[in-house]
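This report concerns only the one structure given below.
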Amino acid sequence: MEPDILITDTLLLPDPGRNTLLPTGCVAIRKGTITYAGPMNNYGSQRAKHTINGRGMLTMPGLVNLHGHAPMTLFRGLADDLELTDWLGNHIFPAEANHVNPEMVYWCSTLAAAEMILSGTTTTADGYFFETEVARAFADAGLRAVAAQGIIDFPAPGVPDPKNNIEAAASFINEWQGKNPLIKPALFAHSPYTCSNATLQKAKQLAREYNVQLYIHVAETEHEISIIQESLGRTPIQHLHALGILDTETICVHCVWADHDDMDILAGQGSPVILCPQSNLKLASGMADLPAMLAHEVSAGLGTDGCASNNSLDMFREMDVCAKVQKLHKLDPVAIPAKTILAMATTDGASISGFPGHAGVLLPGQPADIILIDLQQSHLTPLYTPDLLVYAASGADVRTVIIDGRLVLEQGGLLTININKTLDRVRTMALAVQ
Ligand SMILES: [Zn+2]
């Protein structure tokens, strides 16, 4: 059968975690699925409806950004260089109370989707309020996304009475479950210090009832450890475990202060961890011990976190920082190899995201989530190994992006997002913020 898209004559990186480059490769895509990925001379002569000349390009699986708060693009650069509780309590929460509404969420999420697609992210996991507007923005952009409705025991955008937070989350899941194959609804409980035990348990019960993931910020700061320790006599991760919340569908974000006992719990329950190193660096929260987590067989993915605490959604930057900061943290240049970071941002991340059959590799039968990187550039020359993608590439090197077999970025041009209209809308909203 004739492929819809054929990428020809490209340097192929089919499985970034295994780090093997294949020169003169080609990839065929039909009905959203990869039908061939391998040497061009084994492909034959079948033509496609659309051919992409991959010469001078590296073709690899799209990146997976597993933690973000897309609408927070509006707050990019609004309150930098502050301590976490001051940043949240005196700047971010008040800005959210005044400026978050469905229209803001839609346009600022569209801006986030543009930034992610332009920098090679094809799958993301998001958690916020008015999440239905995030989901709608991502669906319109053609981005693959886990969209998680926020749950917190304070008045929140769209949920003025926290007594209704579980009900609001249930109606979000009802609205999106089974609606669009690229959008997977989920829940996002803000943290163990902003959600009561009852809220956490109800959220998990709802997640189990609907078979959706539950994301939660946990063990992010030393302060969080001390307040949970003082009130409950255990670590935040022990606390979640005692509440019966940890399992393979509970995704623990940050875990900066997870100790070895916590890592045993996470590994035993199969709960994945998402590291957000740039957010942790900027807020000086500390640094998760990734080598120890991997030694405990905790599965780990990578995320940028929201724009206000990073301030970028570029996963190439995140990979670079993650690899280097772990080396510094351990004072050991071999602590984490680049290919482990590449795997976290592709294959491991895809598996944690939980889309059925999505393994983050370029193999027949896989969903066609593919990016092409321009190698005709000084900073990417020479290219001996894919490690260079971690240590020298940037999101701006991405030229073409395909998600689920659909071209969303071609030769640097966004095909699903009106970028000028989006920039105008967000700039206009920003005038009211300052
Ligand atoms: Zn976050």
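The values are calculated or read from the model by the stated rules, or taken from the named source; none is laboratory data. From a predicted model like this one, the values you see are computed outputs, not experimental measurements. For neighbour counting, all protein chains shown are included, and Cβ atoms are generated from backbone atoms with ideal geometry for every residue, glycine included.
Across segment 374-395, which residue is surrounded by the most Cβ atoms within 10 Å (Cβ to Cβ) among those that are touching a strand residue (DSSP E or B) at 6+ places or on another chain (Cβ under 9 Å) and of a type outside the set (D, E, K, R)?
For segment 374-395, the residue satisfying everything is Leu389.
Taking first residues from segment 139-154 that are under 18 Å from Ala186 (Cα atoms) and partners that are in a loop (DSSP other than H, G, I, E, B) and among the aliphatic types (A, V, I, L, M), the Cβ contacts under 6 Å between residues at least 6 apart in sequence or on separate chains come to Arg144/Leu182. Of all residues in segment 245-288, those satisfying the criterion of being within 16 Å of the ligand (Cβ to nearest atom), within 15 Å of Leu66 (Cβ to Cβ) and small (Gly, Ala, Ser) are Ser279, Ala288. Looking at this structure, is Ala295 within 16 Å of the ligand (Cβ to nearest atom) and either among the aliphatic types (A, V, I, L, M) or touching a strand residue (DSSP E or B) at 6+ places or on another chain (Cβ under 8 Å) (or both)? In short, no. Just so you know, in segment 215-244 the residues that are surrounded by fewer than 22 Cβ atoms within 10 Å (Cβ to Cβ) and small (Gly, Ala, Ser) include one that is farthest from the ligand (Cβ to nearest atom), and it is Gly233.
One line per residue, one yes/no per condition, for (1) closer than 19 Å to Gly120 by Cα; (2) in contact with a Leu (Cβ under 8 Å, 6 or more places away or on another chain):
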site: Ile7; (1), (2): yes, yes
site: Leu22; (1), (2): no, yes
site: Gly32; (1), (2): yes, no
site: Thr35; (1), (2): no, no
site: Asn42; (1), (2): no, no
site: Ser45; (1), (2): no, no
site: Lys49; (1), (2): no, no
site: Gly54; (1), (2): yes, yes
site: Leu66; (1), (2): yes, yes
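Among all residues of segment 340-354, there is none that is assigned by TED's automatic domain parsing to the domain that holds Val253, modelled with pLDDT under 95, in a helix (DSSP H, G or I) and buried (at least 18 other Cβ atoms within 10 Å of the Cβ).
Within segment 50-67, if we keep just the residues that are touching a helix residue (DSSP H, G or I) at 6+ places or on another chain (Cβ under 7 Å) and more than 11 Å from Ile371 (Cβ to Cβ), the residue that is farthest from the ligand (Cβ to nearest atom) turns out to be Val64. Using the structure shown, decide if Val426 is under 28 Å from Val100 (Cβ atoms), among the aliphatic types (A, V, I, L, M) and in a strand (DSSP E or B). No: the conditions fail for Val426.
Output yes when any residue across segment 219-238 is under 28 Å from Ser109 (Cβ atoms) and touching a residue at least 60 places away in the same chain (Cβ under 8 Å), and no when none is.
Yes, the conditions are met somewhere in segment 219-238.
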